[in-house]
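**Student:** Below you will find the structure I want to go over with you.
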């Protein structure tokens with residue numbers, strides 16, 4: 001990348017409330033998004049990081065061109081993304097946050113009593129945040145992430161490429177959950193369907209920024 005760019009990054013899990021004290025979340029901690037933010041900052045770019053309630057400890061690097069905005073819930077993330085994209089001229093968005101596909105139709109007020117033998121939750125689909133990005137800012141360079149479980153390389157790349165086209169993304173990072181805790185191999189796929197193979201979170205971050 002030549003000139004300094006304004007980059008918006010989302011990272012970490014996203015909470016879904018069941019009642020006032022219980023949540024549903026994912027196993028992801030936000031480490032990859034943090035690595036991407038640090039790498040972008042080291043290259044001199046201006047980074048805004050929307051960080052969910054992950055397990056990693058991150059330092060506040062506002063003085064080193066990273067602005068950190070914390071969120072917890074789906075609606076918070078959606079509102080922050082809309083606000084940032086509409087109020088600032090971002091060149092790039094890297095959407096690595098783990099966003100829920102479903103939320104409960106009803107969030108119970110207070111605390112659901114313990115001891116219920118057959119407690120059921122009915123879910124509804126969420127809107128696909130990544131599909132809104134190009135509608136808000138058509139010229140932004142968008143990087144999407146696609147996670148599958150137990151797919152072979154060919155199927156993973158095929159699924160990810162179709163997902164990239166659907167969201168009008170410019171790059172997509174495809175990875176399989178079964179490799180994440182071992183080698184974390186990923187494929188960064190371009191719009192012409194060619195791809196780069198990377199391994200490990202630091203190399204994934206470097207590969208993304210090299211390809212923008």
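Values quoted throughout were computed directly from the atomic coordinates according to the rules given, and no laboratory measurement underlies them. Everything numeric in this text was worked out from a predicted model, so none of it was measured. Using ideal geometry, Cβ is built from the backbone for each residue, glycine included, and neighbour counts are taken over all protein chains shown.
**Student:** Is the range 144-212 best put as rounded, prolate or oblate by its Cα gyration tensor, with a ≥ b ≥ c the root eigenvalues, rounded for a/c under 1.5, and otherwise prolate when a/b is larger than b/c, oblate when not?
**Tutor:** Oblate, since a/c reaches 1.5 and b/c is not below a/b.
**Student:** Each label point is 7 Å from the Cα along the Cα-to-Cβ direction; what then is the distance between the points at residue 42 and residue 191, in nm?
**Tutor:** Distance between the two pseudo-spin positions: 2.9 nm.
**Student:** For the range 22-121, divide the Cα radius of gyration by the Kirkwood radius and give the resulting Rg/Rh value with two decimals.
**Tutor:** 1.07
**Student:** Here's another thing I want to ask about it. Rounded to whole Å and sorted largest first, what semi-axes of the equivalent ellipsoid does the C-alpha gyration tensor of the range 117-177 yield via the square root of 5 times each eigenvalue?
**Tutor:** 26, 20, 8
**Student:** Still on this structure, I have one more. In degrees, nearest 10, range 0 to 90: what is the angle between the Cα axis of helix 31-42 and the longest Cα principal axis of the chain?
**Tutor:** 30 degrees
**Student:** Another question, if that's okay. Using a Förster distance of 30 Å, how high is the FRET efficiency between residue 149 and residue 199, based on the Cβ-Cβ distance and rounded to 0.05?
**Tutor:** E between residue 149 and residue 199, to the nearest 0.05, is 0.95.
**Student:** Using only the alpha carbons, work out the radius of gyration and Dmax of the range 75-150 in angstrom.
**Tutor:** 17.0, 53
**Student:** Classify the range 54-194 as rounded, prolate or oblate, taking a ≥ b ≥ c as the square roots of the eigenvalues of its Cα gyration tensor: rounded when a/c is under 1.5, otherwise prolate if a/b is larger than b/c and oblate if not.
**Tutor:** Taking the square roots of the gyration eigenvalues as a ≥ b ≥ c, the range 54-194 is oblate.
**Student:** Separate question: Would you mind pulling out the separation of the Cα centroids of the range 99-115 and the range 131-202, in Å?
**Tutor:** Value for the Cα centre distance between the two parts: 31 Å.
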